[in-house]
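Here is the structure we will look at, set down as structure tokens.
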Amino acid sequence: MPWWSVAIVAFLIGFWKPINGWKTFGSGFVGVGLLWLIVAGYLHYRSNGMLTIKVGQLIHLPSSTLMLILTAVFGGLVGGMAAVTGFHLRLLLSGEQNSKK
Amino acid sequence: MRIGLVPPVGKFLDPFHGFWQNVELKRLEKVYQLDFDVLQAPVTVLIDDRLVSHIFAENDHDLYFAQGYVTAKDRLWQMEFQTHVVAGRLSEIIGQRTVEYDRFQRRIGMTYAAKNMLETVMRNPLSREIVSAYTVGVNAYIDSLSPKGYPIEYKIFDYTPEPWTPLKCMLLAKSMTWMLAGSGTDLKMTNTLAKFGIDTVEDLFPRYPQNPDPVIPKNTPWNFDPLPVGKPQKEAYPDTMNQALPFEPNPANGSNNWAVSGTKTVSGYPILANDPHLDLNLPSIWYEIQLFSPSVNVYGVTIPGAPSVLIGFNQKIAWGMTSGGDDVTDWYQIKFRDDTLNEYFHDDTWKPTTRIIEEIKVRGEKKIQDTVVYTHHGPIPLYSDEETFDGNIPRLHAMRWLGHDPSNEFLTFYRLNRAQDYQDYVAALSHYSCPAQNFVFADTAGDVAIWHNGKFPLRFQRQARFINDGANPEHDWQKWVPHQHNPHIKNPDRGFVSSANQNPTNSDYPYYLGWFFPQYRGKRINQQMLEMDSIIPDDFRLLQLDNQNLQASLIIPSLLRFVDIDRLTLEETQAFKKISTWDYVNDANQIAPTVFDIWQKRLHAAIWSDEFGGNGSYRFPSSARTIQLIMDEPNAPWFDNIHTENKESLQQLVNSSFKDTVTELTKQLGEMGNQWRWGKFKGVDIAHLGRLPGFGKMGLNVGGGLGIVNAIGKTSGPSWRMIVSLEPEVKAWGVYPGGQSGNPGSSYYDNFVDAWMEGELDELLFLKSMDTTHYRIQSVIILEAGK
């Protein structure tokens, strides 16, 4: 499974259970962001941040906690945008159906 | 895709596939089981508390398969990256900015050298088997990986591992050969000769030091009839004035080794010690391993990518290496017929050149084609209209390098790993060509020995030291120094053998071998060894850590006499006090070594740069020769700065360089204080091999220094410290500044560094049999043979 498979899941959820634009984005953001945060956080704390510190320095982050936040926010953005895309596609398709009526 | 050098963000951050997956949680005790069709019988790998693999196989094929497999498991990225570096393939990973580096590696024929070696290695059934089985083992590991399991560097640089090949093992061997035996000063010496004449050359660049303390003790008789060394009848030599950048032997690539016989030890058995000094990186250049099969039980270190053990011991013998430092590169001025470079003149006829078309793939850009022209001497690394590379390389000259000649060093190590006594050791060494090494030896039977060992062309002095006439066949390499004539000694009267890259012999040795490093380390080791008695292994640990600065103790008393104390400022007086009360020990917390380090560099430059400086076309006389000049000829004309009308004296240079030193240090570090302490000032860097920020250990506070037994420089130093006691039950200790795992996300990535800094050694676990339940064994991998 490639790294962006999580975006497909968010996309499908956004498509399947549309609420409204911002809320769909929010749930995609929180869903994927939280998932990434939990997995990354587990690896971070179990290893005392051994690798987080190094990668943080590699990309010139002032603290390794920021590495966790960066991961969560990036995952959140991917999830949120994918969900919104799903939501809008649903709108588009249902809009077309409505106009056919 | 990757933009510039930034890794692709999503792929990299994703905790299920990206870098987070490289976090290695503390290893649990467990047994893995893996199946491999190519195995003839099951192999058991016991992994100890230092993450060293102890491989138990029922035959040699399976043994080297498993060595390849576990080495790749721990060091895959390093292995492959280093072969890309040697072969001039960095641009495939990095892009445009490494193209010139890659081109240089192609021009000096690194892959050409590796291919020549491969042919020889594959012709011998023994070396063919170990290299082939090892290759299959590495590939078995690569095939087992999915992208999320790739070492983190692949994710950062965004590329994937390619299959391992036998050629890659050869490339690593050639990389070592180039590093230790690829430099030369022929161009600078020829320029120096043209400008100053032969008398000055002989005076300032003596082949042997004052008060020599060579590897083979003075007055050791040579038990062979020397071959005559030819001299050319035609005495015409090229004059040359080619711009060149410095590419002299790197004084950081030295090493120490010694072995003492049982007459000087408490146990009554020999003890052997070795610490090779190389560039320090993470992952480390060395990888520890134990190999066990019905034909061998050996423990030691090897380079990831090289099958067998390179420095180590078995149940009967131990051996170690220091770089020989012999000159095995010569340059030939070539007369081409025209600018197509299709023909060159040699032996009164026009001979055709050969060409190798090199293709340099560049990431994100079009690939580049480059043509390398070869004469029978070797390749032409630099054409007439090109900017010089980072090398002491003349234009349109052919490079004659022993590293290009076919050889089979793998066979030497295969045999050394299995050697039982002195005879076996000498037989193993007879296969060895390049880079020449001082192979120290000791065994449980009580013998100690050292061979300055390698293949050496039989050359007249002029031929080896200066640029040669490529058209004159008398200037070609003709014959070789027979192996039995290599300088060696067994069980000398003084009860020990040692080497530290100094001259292998005194001036009565009949052949020319090269110029060698100053003998400060060698002298200090020999002084200490002569005094030592009732030796226990820990005494050798302390000797490896010896920080006595012999160079400083030789020169400082002479310099202090010249310092005009009345005219020193307050800061200068402070610094003068430090230097004049110094015990010449380069400990980390001392200030005097810092002052001396800068002072001697400034003084050296002040003495020589007016005559030898400028565009870097000339070689500078050595520090040892300079010390001799200061002590014995304080009125020599060299002390005058030829660019001024006044006549400068040694006293003036000593004073001005001292004042400059204090000014420089104050400017850089502020008032004299903690920042001036040697360990802080030097700040040893163990950088990541791919120079990734955050992945190295930087600014380490340790003593020592170049020219000191504990030869820790800014970025180089003892890369493996080993001590072996050759008792009936062989015992050994060792440490290197790194860790067994190449994964920056593993706690075994740099876990030896602290012990290395403290000067501690770990006891090495040398198993006599497959002891699965040994208390130091943490996990077991069983490689099952296919059904």
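Annotation: B:GLN652 fulfils all but one of (1) over 30 Å from B:SER746 (Cβ atoms); (2) within 14 Å of chain A (Cβ to nearest Cβ); (3) not hydrophobic (A, V, I, L, M, F, W, C); the unmet one is (2).
Scoring B:GLY694 on the criteria (1) in contact with a helix residue (DSSP H, G or I) (Cβ under 8 Å, 6 or more places away or on another chain); (2) under 20 Å from B:LEU665 (Cα atoms); (3) surrounded by fewer than 21 Cβ atoms within 10 Å (Cβ to Cβ); (4) not hydrophobic (A, V, I, L, M, F, W, C) leaves a single failure, condition (2). Filtered by the rule that a residue be among the hydrophobic types (A, V, I, L, M, F, W, C) and within 7 Å of chain A (Cβ to nearest Cβ), the stretch B:17-58 gives B:PHE19, B:TRP20, B:VAL23, B:LEU25.
Residues are listed down the side, and each one gets a yes or a no for (1) in contact (Cβ under 8 Å) with a residue 60 or more places away in the chain; (2) in a helix (DSSP H, G or I):
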{"site": "B:HIS604", "(1), (2)": "no, yes"}
{"site": "B:ILE607", "(1), (2)": "no, yes"}
{"site": "B:ALA624", "(1), (2)": "yes, yes"}
{"site": "B:GLN628", "(1), (2)": "yes, yes"}
{"site": "B:MET631", "(1), (2)": "yes, yes"}
{"site": "B:ASN641", "(1), (2)": "no, no"}
{"site": "B:GLU648", "(1), (2)": "no, no"}
{"site": "B:SER656", "(1), (2)": "no, yes"}
{"site": "B:THR666", "(1), (2)": "yes, yes"}
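For B:LYS601, state whether it is of a type outside the set (Val, Ile, Thr), surrounded by fewer than 17 Cβ atoms within 10 Å (Cβ to Cβ) and under 29 Å from the mean Cα position of the chain (by Cα). Taking the combined requirement at face value, the residue satisfies it.
Exactly one residue out of B:ILE311, B:ILE334 is touching a residue at least 40 places away in the same chain (Cβ under 8 Å), buried (at least 24 other Cβ atoms within 10 Å of the Cβ) and not acidic (Asp, Glu), and it is B:ILE311.
For the stretch A:37-52, the tally of residues that are at the interface with another protein chain (Cβ under 7 Å from one of its Cβ atoms), assigned to a helix (DSSP H, G or I) and either under 21 Å from the mean Cα position of the chain (by Cα) or more than 16 Å from B:LEU13 (Cβ to Cβ) (or both) stands at 5. Residues that are in contact with a helix residue (DSSP H, G or I) (Cβ under 6 Å, 6 or more places away or on another chain) and farther than 30 Å from B:THR160 by Cα: find the strands (runs of 3 or more DSSP E) completely inside the stretch B:351-458 holding 1 or more of those. In the stretch B:351-458, B:437-443, B:448-453 are the strands (runs of 3 or more DSSP E) which contain 1 or more residues that are in contact with a helix residue (DSSP H, G or I) (Cβ under 6 Å, 6 or more places away or on another chain) and farther than 30 Å from B:THR160 by Cα.
If you go through the stretch A:1-36 and pick out every residue that is surrounded by fewer than 17 Cβ atoms within 10 Å (Cβ to Cβ), within 14 Å of chain B (Cβ to nearest Cβ) and closer than 15 Å to A:VAL84 by Cα, you end up with 1. The residue of the stretch B:260-307 that is farthest from B:PRO744 (Cα to Cα), among those that are of a type in the set (Gly, Ala, Ser) and part of a strand (DSSP E or B), is B:SER293.
Among the residues of the stretch A:90-97, not a single one is touching a Lys or Arg at 6+ places or on another chain (Cβ under 8 Å), assigned to a helix (DSSP H, G or I) and away from every other protein chain (no Cβ under 14 Å). Tell me yes or no: at least one residue of the stretch B:500-522 is outside any loop (DSSP other than H, G, I, E, B), under 23 Å from B:LYS264 (Cβ atoms) and hydrophobic (A, V, I, L, M, F, W, C). So far as the stretch B:500-522 goes, no, none of its residues is outside any loop (DSSP other than H, G, I, E, B), under 23 Å from B:LYS264 (Cβ atoms) and hydrophobic (A, V, I, L, M, F, W, C). Meeting the requirement of 2 or more residues that are under 20 Å from B:GLN82 (Cβ atoms) and away from every other protein chain (no Cβ under 14 Å), the strands (runs of 3 or more DSSP E) wholly within the stretch B:685-778 are B:716-718.
Every number in this text was worked out from the coordinates using simple rules, so none of it is lab data. These figures come from a predicted structure and were not determined experimentally. Glycine also receives a Cβ, built like all others from the backbone with ideal geometry; neighbour counts cover every protein chain displayed.
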